[in-house]
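The values are calculated or read from the model by the stated rules, or taken from the named source; none is laboratory data. On a predicted model such as this, the values are computed, not experimentally measured, just so you know. Here Cβ is always computed from backbone atoms with ideal geometry, including for glycine, and neighbour counts include all displayed protein chains. Protein only, heavy atoms only, side chains kept; ligands, DNA and RNA dropped before computing areas. Shrake-Rupley method; radii C 1.70, N 1.55, O 1.52, S 1.80 Å.
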Amino acid sequence: MNKIWKAISANYSLKLSALVLALLIWFYVVLQNEYQINLVVPIDFQLENDSAFVAEPISNKAILNVKGKGGAILRLKFWGRQSINYTLESNRGWTRVNIGQNDISFPPWSDVSLLSIETKPFLVRIDKVIEENLPVVPIVEPTVKNVKVVPDSVRCKGGMEVFKEVKYIRTEPVAVDTTKLPSRKRANLDIPPDITCDHTHIMLYLSLDKEE
């Protein structure tokens, strides 16, 4: 056993240097070879109207097929921060997005070439941001007829298409004991997706019906 260990440890520093040199040579060869890979690049949509936004689709990425030496591809992937700036001329409705070579630019120091764009043309929907005051509808279980809501409306912001369907904001269900009815109760708002409101909760003031 000692003889084996001595054979392994003999000229250890020299063997380690040879291994490091071999790794460096291999790494250099890898960096100098040419490769062809797909890059997933985010699309940054530019709109002429500040009050407009891209409502659909949620995905906004393109796939680029590029060619270059290993070192150039590594630099581009980790330090290039590549993105596609695409200007949408429409301010509302559906529009077709067709990413072309003119929409893509690489950093001046990169040494890669674009072979093809794998992402096919697709549609996006552009909507306009509006603000509206929406009434608050309390949901109390069991039903209590005398309910005062404060505030009774909230200012909400969202897309114009969304507000075609949303005409009021409900509260989340509030459970109460009618035998020991509290005079007031905090209620969270059940705000629909794609809408923001200036309140997330309101106060309910409760009272039982009086017998005549």
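Measuring r between the beta carbons of residue 74 and residue 105 and using R0 = 22 Å, the FRET efficiency lands at 0.70. Straight-line reach from residue 67: taking Cα to Cα under 13 Å and skipping same-chain neighbours fewer than 8 places apart, the aspartates and glutamates in range are 34, 111. Straight Cα distances below 18 angstrom link residue 145 to the aspartates and glutamates 172, 177, 209, 211, 212, with same-chain residues fewer than 8 positions distant left out. Annotation: extensible slack from residue 83 through residue 152 equals 20.3 nm (criterion: 0.36 nm per residue apart, minus Cα-Cα distance). Residues 156, 197 ordered from highest to lowest accessible area at a 1.4 Å probe: 197, 156. Each residue was assigned an accessible area with a 1.4 Å probe, and for residue 160 the value is about 60 Å². Would you kindly give the portion of the calculated P(r) for segment 97-212 that falls above 19 Å, as a percent of all Cα pairs? When all Cα pairs of segment 97-212 are counted, 63 percent exceed 19 Å. Only protein heavy atoms count here; under a 1.4 Å probe, residue 96 has an accessible surface of about 150 Å².
Of the residues 144, 129, ranked by 1.4 Å probe accessible area with the largest first, the sequence reads 129, 144. Distances over 20 Å make up what percent of all Cα-Cα pairs in segment 45-147? In whole percent, the long-distance tail amounts to 57.
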